[in-house]
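Read-outs throughout are calculated quantities, based only on the coordinates presented, and are distinct from any laboratory measurement. Remember, predicted model here, so these are calculated numbers, not experimental data. Because the Cβ atoms are built from the backbone with ideal geometry, glycine has one as well, and the counts that use them run over all protein chains shown.
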Amino acid sequence: MKKSSKKITKIANDRKLDLILREIIRIEKEMDIGFDGLRKDFRQLQGAVDGYAKKADSYFQEMMMLGRKVDRLEKWIIQIARETGVRLKS
């Protein structure tokens, strides 16, 4: 191969490489933008799950307190029934 044809081939390869690198950089930027959107969506989802977990915890604690209150009231009713001679049917 002559020096001039090698030079032309090298220039053509350099141009191809340059185009490939530009395309890679463009795709990389698009991916970064896409990942930023995913991160935002994930943070929103995480916030929603945290809010739901807090509400569920509050509800669970309230149900526990209500259960204890019902147990206490039931105990008092049985105690009052015994002391007054009233028979309770189950």
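Working from Cα positions, state the angle (0 to 90°, nearest 10) between the long axis of helix 3-84 and the longest principal axis of the chain.
0
Only one of the values (i) 47, 23, 21; (ii) 120, 20, 13; (iii) 30, 25, 19 was calculated from this structure for Cα extents along the principal axes in Å; name its label.
Structure-derived value, by its label: (ii).
In nanometres, what is the gap between the two model label sites at Phe35 and Glu62, each 7 Å from Cα along Cα-to-Cβ?
For Phe35 paired with Glu62, the spin-label model returns 4.2 nm.
Please report, in cubic angstrom per residue, the volume enclosed by the convex hull of the alpha-carbon atoms of the stretch 39-90. Walk me through the intermediate numbers first.
On the way: hull volume 2.8 nm³, N = 52.
For the stretch 39-90, the hull spanned by Cα atoms encloses 53 Å³ per residue.
Leaving out same-chain residues fewer than 8 places away, which aspartates and glutamates sit with a Cα under 13 Å from that of Lys54?
Glu62
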